[in-house]
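Structure, as structure tokens:
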Amino acid sequence: MTIWLLILIPAILAGLSLAIKSNVSRPWVLVVAAVAHSSLVARIWFLGSFPSSGTYLLLDPAGKMVLGLISLLFLAGSFYAVGYLRRRVDRPNLTFVVSLLFFLSAMTVVTFSQHFGLLWVAIEATTLASAPLLYFNHNQRSLEATWKYLLICSVGIALALLGTFFLAMAETFNGPIENALLLPAMMARAGSMSVPWLHAAFIFLLVGYGTKMGLAPLHTWKPDAYGEAPGVVGFLLSGALTSCGFLALVRLTQVCQAAGQMDFARPLLILMGLLSMGVAAVFILGQTDYKRMLAYSSVEHMGILVLGLGMGGLATYGTWMHLLNNGLAKGILFLSAGNIHRHYKSKSVAQVKGVFHRLPLSGALFMAGFIAITGSPPFALFMSEFTILRGGVADGRWGVVAAYLGFLAVIFIGMARIVLSMVLGEPPKDETASGPKDSFLTTLSPCLLAAAVLLLGLFIPSWLNHAIESAAALVGGHS
Amino acid sequence: MSLFLLGLGLIALGGILSLIPRVPRVLASAVCNGLMILGCAVGVVPAIQVLAGGPLPSLNMPWSVPAGQIELLIDPLSALFLLLHFIVCGSAVMFGIPYFSSYEKTQSLKPVRFFTSILIISIALTFTAQNTILFLGAWELMALSTFFLVIFEDRQERVRKAGFLYLIMSHTGTLCLFVVFLLLGRQAGSLGFSQMAHNKDLLAVGTPIFLLALVGFGVKAGFMPIHFWLQEAHPAAPTPVSAIMSGVVIKCGIYGLVRVISFFPTLPAWWGIVLIMIGTTSGILGVVWALAQHDFKRLLAYHSIENIGIIVLGLGFGCLGLSLNNPVVAMLGLAGGLWHTLNHGLFKSLLFLGAGSIYHATGSREIDQMGGLWKKMPWTGFCFLVGSVAICGIPPLNGFVSEWLIYNASFVLGIHNSNFCFVLGVPVLALIGVLAAACFTKVFGVLFLGNARTEAAVEAQEGGALMLIPMLFLASLCFAIGLFPGVFLPAMSRVITVFSSVEAGEFHQVAMNQAGMLAWIGWLSVGILAVIGVLALVRRLFLVGKPVSASATWGCGYALPSPRMQYTASSYAQFSTLMFRAVLRPLVHMKRITSLFPAAGSFESHSPDAVLDRFIPRLAAILRRVLYRVRDFQHGRVQFYLAYVLLFLILLLVWEFHGVSLLWKKIFLLDAVTKVPPP
Amino acid sequence: MEHVTQLLLILVILANLFVLGSHPLGACIRAVALQGIALGLLPLFLHAEERSVHLVFLSIGMIGLKGFLLPGLLFRAIRDAALRKEQEPLIGFNTALVLGAGLIGLGFAIAAKLPLPPGTAASIVVPVALATVMMGLLVIVTRGKILSQALGYIMLENGIFTFGLILVKGLPGLIETGVLLDIFAGVFIMGTVIEHINREFGSISAYKLSNLKE
């Protein structure tokens, strides 16, 4: 019941929002949906329950983590979206609101689905629901970004479909079976799956869902999409949607592990992780557009996640922490960057100076987000990145450790160069020509997210730690 | 421990209260700064107790983060650094009250107070943390809060550049430390320091740990050639902050290095030799660059590099003594190095505060714009003089005492091992001392003596009691150590016992032997003071009843002497910069006087930093060229992007099904030794 | 029946090569429509021994969607954009054909490493599927009109379905419906975006869409 409520509430509210004619009041539907959704999710967390509906929809620890994160981020994003859309009343926001709600609905299905086919359908649905969000600004640039997003992700998702078929092939190799592609059943009989087909499936699914997550070299849509989308969309894409992609890879890893094929999967995951971090490092270093910088930062963190997933053990535990922390920290960055963009009316680093003096709160948040995302204490990402590193050192993977730290250093330098030149300095003189300043609704969410990231860096509650541990245990992680 | 925590609590309270909006300025300043100073005063007490031989306070609490544990311990080594830390920070905060008040009209002081309190707390935690996570957290927090203090005047390009440089250098160093402590933890089976100390397993990975620690801690301490953030950040920061940075923050690098070395039960001899080489390089090059500077805060920053060199030289001799089982050398070297850390912290923050006082009075940091300040600011002048004498290592001040121990270490080592090379430490130290003296006669002479060169210098005046009290306090401490070194020696011998490879009894004996020599130094210092006093008295007696006429200093019989004819910083140091021009490579812009009725001529020279201004730009240019090539991969055409997908897919398929994967496994996974992770 | 299956699969491959090697867009769309119809017929022959209602429905659905509906949409789009030919391919048609032949070879090479379950008819399904997927991608990569890219995307999907037909018995109907629906929605949204692009940029040349870059 809870499951269907979680899936249907956003969809029904999307229908209701069609009836609201005013561009000003319509966005509040988002808040209603977010509050309803998150209170249901909070109830699940609070009761410690794992609801299920049939065999296809079931919440397991991994899904619970991602569901919690998505719900939380959507809640944060909804308040910001109200503030943001209020500044842009001139633009019709019906499609935007409806797509956002369907987007939430589709992501919720992803977290519950225990069937690879259903998972695929839900992930494809998130792509379709998010395409109109990117096109909100209705100009040439956003159109181009939307087209690239749609085409690359569609190709990726198509490859994932082929991978899903391969997976079914691997499973049905020895004759027809009941419940093909159903995760629990598949794990139970993983030992008898056809290994070559499983390998082929892994490659196609990795490439397919990797495209969705934005792993290098399949990340190419990301800078364009995040660069042109409104801040809140970039935030939900980079925090919530990528987590769905990650969850798909987790499911895949679960199967590989059950089939005893981690020796095959590990190197591929590590390769993609390091490649993503390396590509992000190179492109952040010379970046001139701060929203694109955030996109590459997202590529980097997806790389860290996959890397940790591949390393197993302690690193995987760190990865699950990192998934949560990255989502929260991305919120600080994207939302404050959105405020900066609105005020300065430029995405070019060269045009933005002295944010500290002009928009003190957004500037401080952007700076805090930068410190958090680069893994500095006292923010939570330090704990998770350090735990992943600890896993690497404990297993003696020196090559990975060296590359990991090297890329982190380069990325820090690249981001520091951009962020500092933005927040510091003398702001432009013509204050009147600039856009709106900080408002309550546009700073509330990033402030709360920053507080959350800070608190998680100082203290991890035992219930959360327990949830992280049980999610990590599914893919061979332990603390 | 409760006193220590109380001190930190007071400081934290000061920082938090500073964030309350709409408090009257004077009240906010008095409450916040007062709490911080009080906190520092309280915090000093446990440090002194431990150094005096009291029990070691400790705290152990669970902490709900992975592998974290709130574990604090004030052992003698921590106590030494804490003592320095609280003294310097308390003084700097008090000095900051009048110093920052002149900025109050243009910008908010809330961030300064808040980050100062965080800085003080994080450094105190760095010095006492006994758990890797806590240590690294405090370490990075210290770096970040320092950064926010450095960028106080962020509207200036120079400040922004310095802040950026500091931040990236510091963070990169921290990444090295991650590996250092994780390696230590892997070998010891725990991330707690207590399990790491005395652990024989550590030696297996000693080399990477030592080298990475040299880089990680060396960045913070300012070893040549990774020093180059230092001379940018120190001048850019507001002066009280520079005093804390130079006095304490860079000492954190020394503390960390010493702490890591102290874990090892035996030390390879080459560690000591490497340290000696680093010390020599930093010491000599630091002072050479200092000689060529015109900005007095930049000059002081280069002197910090020099003094870090001296400290490391001492530590190097100490480590060599430990690995050669020579307790005398070990005692002399380690005690000298660590004592010099304390001494340098005191006199360098004194000098920075003096410099800040001058900057506050004149609004300039150019040495060549001052002159004649002795008459306007006698107290500042006196304090600055004390600091200058101390930094040159001249008795009767504290700088001499610690350098004397290092001299001795070098001497004893050379004689006992009949190896002439080690005696070379003596001329090295002497050279550094001489050059420092040359530098500080220049600074003191041009700043305080002669006539005022600018209007601002004419109108300079003392900044008030709140500026003078901390300076006089620091100056008196410099005197105290210089005059009574014997009192402090037992404390230093206690500090050295934290080294795992040290046997306490043996060292106590050596320390007792040294005490006699130090007593001599004390008497010598008293004697020097007495001679100075007698000479002053004699002069006074001779001049009684005789007319004394005042005339222009360095008038030299010119008909129309102008202040511009005085020795400038460049001209005074010209001889020495010429001597070192091969390394300094100064840039000279000169308009020569050519014709019979000459037009205006000019002379200007400055010495760019070898690493920052010469090496880094070249590296950056190469990097930029490579990057442009790579960035072409993201050139906007979606077809190419999809081609990457296709090629990557084919690559993976070929990899998997045609055997390429073996290569990758060789690179990354062959040495994957699964070890049971620490609980 | 074996021969009919082989014949249909060869038809699929030929359609691929035809698209790679020719430039009138209308002909290309027709070739892809033909490919779709061939695919629609394939399940009936591949699982000849157990023709069920399920299979028939699937077959009709595929033929309707891939053979008529999607090509119809594309035809409408080229009429709106007044477009006849692919004029600006990234590589020449001959080169594309050679590459296509290479990809067919690669498909066979990879498929050789993937064992077929005992009792599976038509051993060339796997290589044909892999080759079609890669050739579809090749069309997307090398063509300059975004309409051709949409066409390539449909070829890619066709390749996937070629493979999916082996499994048609093991996959539950719900998922199939979802899959078909997704593809339709995907292509529909793509069509909408193409229309927007045509209006906004005054052309549907992919080369115009390269403003966002480093």
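The values are calculated or read from the model by the stated rules, or taken from the named source; none is laboratory data. Computed from a predicted model, the values in this text were never measured in an experiment. Note that each Cβ is placed from the backbone with ideal geometry, even for glycine, and that neighbours are counted across all protein chains shown. SASA here: full protein model, heavy atoms, side chains in, ligands and nucleic acids out. Shrake-Rupley method; radii C 1.70, N 1.55, O 1.52, S 1.80 Å.
A quick yes/no check of all residues on (1) within 18 Å of B:Ala491 (Cα to Cα); (2) part of a loop (DSSP other than H, G, I, E, B):
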{"position": "B:Ile20", "(1), (2)": "no, yes"}
{"position": "B:Gly39", "(1), (2)": "no, no"}
{"position": "B:Gly43", "(1), (2)": "yes, no"}
{"position": "B:Pro46", "(1), (2)": "yes, no"}
{"position": "B:Val50", "(1), (2)": "yes, no"}
{"position": "B:Pro55", "(1), (2)": "yes, yes"}
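Taking the listed residues A:Ala170, A:Ala125, the one that is among the hydrophobic types (A, V, I, L, M, F, W, C), within 10 Å of another protein chain (Cβ to nearest Cβ) and open to solvent by 10 Å² or more (accessible area, probe 1.4 Å) is A:Ala125, with no other qualifying.
Can you pull out the residues in region B:16-48 that are under 24 Å from B:Phe193 (Cβ atoms) and either more than 30 Å from the chain's Cα centre (by Cα) or buried (at least 17 other Cβ atoms within 10 Å of the Cβ) (or both)? First the steps, then the outcome.
First, pick out the residues of region B:16-48 that are under 24 Å from B:Phe193 (Cβ atoms): B:43-48.
Of everything in region B:16-48, those that are under 24 Å from B:Phe193 (Cβ atoms) and either more than 30 Å from the chain's Cα centre (by Cα) or buried (at least 17 other Cβ atoms within 10 Å of the Cβ) (or both) turn out to be B:Gly43, B:Val44, B:Pro46, B:Ala47.
Criterion first (more than 22 Å from the chain's Cα centre (by Cα) and over 25 Å from A:Leu335 (Cα atoms)) does A:Ser52 satisfy it? Explain how you work it out, then say what you get.
Values: more than 22 Å from the chain's Cα centre (by Cα): yes; over 25 Å from A:Leu335 (Cα atoms): yes.
It is true that A:Ser52 is more than 22 Å from the chain's Cα centre (by Cα) and over 25 Å from A:Leu335 (Cα atoms).
Out of everything in region C:188-214 that is open to solvent by less than 60 Å² (accessible area, probe 1.4 Å), over 24 Å from the mean Cα position of the chain (by Cα) and at the interface with chain B (Cβ under 7 Å from one of its Cβ atoms), what residue ends up being nearest to C:Val139 (Cα to Cα)? Per the stated criteria, the residue is C:Ser210.
Looking only at region A:388-420, residues that are touching a helix residue (DSSP H, G or I) at 6+ places or on another chain (Cβ under 6 Å) and of a type in the set (Phe, Trp, Tyr) come to 2 in all.
Just one of the numbered conditions (1) surrounded by 17 or more Cβ atoms within 10 Å (Cβ to Cβ); (2) closer than 19 Å to C:Met190 by Cβ is not true of C:Leu34: (2). Just the residues that are surrounded by 14 or more Cβ atoms within 10 Å (Cβ to Cβ) and over 13 Å from A:Leu72 (Cβ atoms), please, taken from region A:37-58. Within region A:37-58, A:Pro51, A:Ser52, A:Ser53, A:Tyr56, A:Leu57, A:Leu58 qualify.
Every residue, every condition in (1) in contact with a helix residue (DSSP H, G or I) (Cβ under 6 Å, 6 or more places away or on another chain); (2) closer than 28 Å to A:Tyr84 by Cα; (3) in a helix (DSSP H, G or I), yes or no:
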site	(1), (2), (3)
A:Ile3	yes, no, yes
A:Ile9	yes, yes, yes
A:Ile12	no, yes, yes
A:Gly15	no, yes, yes
A:Lys21	no, yes, no
A:Ser25	no, yes, no
A:Val29	yes, yes, yes
A:Val35	no, yes, yes
A:Val41	yes, yes, yes
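If you check A:Gly327, A:Gly308, A:Gly338 for being in contact with a Ser or Thr (Cβ under 7 Å, 6 or more places away or on another chain), buried (at least 24 other Cβ atoms within 10 Å of the Cβ) and either among the hydrophobic types (A, V, I, L, M, F, W, C) or more than 14 Å from chain B (Cβ to nearest Cβ) (or both), only one passes: A:Gly327.
Answer yes if at least one residue in region B:456-463 is within 26 Å of the chain's Cα centre (by Cα) and over 20 Å from B:Gly314 (Cβ atoms), and no otherwise.
Residues of region B:456-463 within 26 Å of the chain's Cα centre (by Cα): B:463.
Now drop any that are not over 20 Å from B:Gly314 (Cβ atoms), which leaves B:463.
Checking region B:456-463: at least one residue is within 26 Å of the chain's Cα centre (by Cα) and over 20 Å from B:Gly314 (Cβ atoms).
For region C:104-114, give me the residue count where each residue is in contact with a helix residue (DSSP H, G or I) (Cβ under 6 Å, 6 or more places away or on another chain) and either among the polar types (S, T, N, Q) or in a helix (DSSP H, G or I) (or both). First the steps, then the outcome.
Pass one, region C:104-114, residues in contact with a helix residue (DSSP H, G or I) (Cβ under 6 Å, 6 or more places away or on another chain): C:104, C:107-108, C:110-111, C:113-114.
From what is left, the residues that are either among the polar types (S, T, N, Q) or in a helix (DSSP H, G or I) (or both) are C:104, C:107-108, C:110-111, C:113.
Qualifying residue count for the region: 6.
What residue, of A:Pro446, A:Pro428, is assigned to a loop (DSSP other than H, G, I, E, B) and either more than 10 Å from every other protein chain (Cβ to nearest Cβ) or within 30 Å of A:Phe356 (Cβ to Cβ) (or both)?
Numbers: A:Pro446 fails: assigned to a loop (DSSP other than H, G, I, E, B).
Within the list A:Pro446, A:Pro428, the selection yields A:Pro428.
Checked against the criterion of being open to solvent by 20 Å² or more (accessible area, probe 1.4 Å), of a type outside the set (A, V, I, L, M, F, W, C) and over 21 Å from the mean Cα position of the chain (by Cα), region B:158-168 has no qualifying residue. Can you tell me how many residues in region A:449-479 are touching a Ser or Thr at 6+ places or on another chain (Cβ under 8 Å) and more than 12 Å from chain B (Cβ to nearest Cβ)? Summing the residues that are touching a Ser or Thr at 6+ places or on another chain (Cβ under 8 Å) and more than 12 Å from chain B (Cβ to nearest Cβ) in region A:449-479 gives 1. Is it true that some residue in region B:526-542 is under 27 Å from the mean Cα position of the chain (by Cα), surrounded by 15 or more Cβ atoms within 10 Å (Cβ to Cβ) and touching a residue at least 40 places away in the same chain (Cβ under 8 Å)? Taking every residue of region B:526-542 in turn, none turns out to be under 27 Å from the mean Cα position of the chain (by Cα), surrounded by 15 or more Cβ atoms within 10 Å (Cβ to Cβ) and touching a residue at least 40 places away in the same chain (Cβ under 8 Å). Selection of region A:128-155 for residues being facing another protein chain (nearest Cβ under 7 Å) and open to solvent by less than 10 Å² (accessible area, probe 1.4 Å) yields A:Ala131, A:Leu143, A:Glu144, A:Ala145, A:Thr146, A:Trp147, A:Lys148, A:Leu150, A:Leu151, A:Ile152, A:Ser154, A:Val155.
Scanning region A:387-411 for residues that are surrounded by 24 or more Cβ atoms within 10 Å (Cβ to Cβ), within 19 Å of A:Gly278 (Cα to Cα), at the interface with chain B (Cβ under 7 Å from one of its Cβ atoms) and within 22 Å of the chain's Cα centre (by Cα) turns up just one, A:Leu389. Run B:Ser2 past the list (1) open to solvent by 60 Å² or more (accessible area, probe 1.4 Å); (2) more than 23 Å from B:Val93 (Cβ to Cβ); (3) at pLDDT below 90 and report the number of the one that doesn't hold. Here B:Ser2 meets the rest and fails (2).
Hey, could you check region C:115-158 for residues that are outside any loop (DSSP other than H, G, I, E, B) and charged (D, E, K, R) and say which is nearest to the other protein chains (Cβ to nearest Cβ)? The qualifying residue nearest to the other protein chains (Cβ to nearest Cβ) is C:Glu157.
Could you list, in sequence order, all residues of region B:493-510 that are part of a helix (DSSP H, G or I), of a type in the set (D, E, K, R) and over 26 Å from the mean Cα position of the chain (by Cα)?
Residue satisfying the conditions is B:Glu506 alone.
Filtering region A:374-386 to residues that are within 7 Å of chain B (Cβ to nearest Cβ) and open to solvent by 20 Å² or more (accessible area, probe 1.4 Å) leaves only A:Pro378.
For region B:148-201, filtering for residues that are closer than 25 Å to A:Thr374 by Cα and part of a helix (DSSP H, G or I) leaves 36. Taken over region B:614-643, the criterion of being under 30 Å from C:Gly144 (Cα atoms), open to solvent by 50 Å² or more (accessible area, probe 1.4 Å) and either within 11 Å of chain C (Cβ to nearest Cβ) or touching a Pro at 6+ places or on another chain (Cβ under 9 Å) (or both) is satisfied by B:Tyr628, B:Asp632, B:Phe633, B:His635, B:Arg637, B:Phe640.
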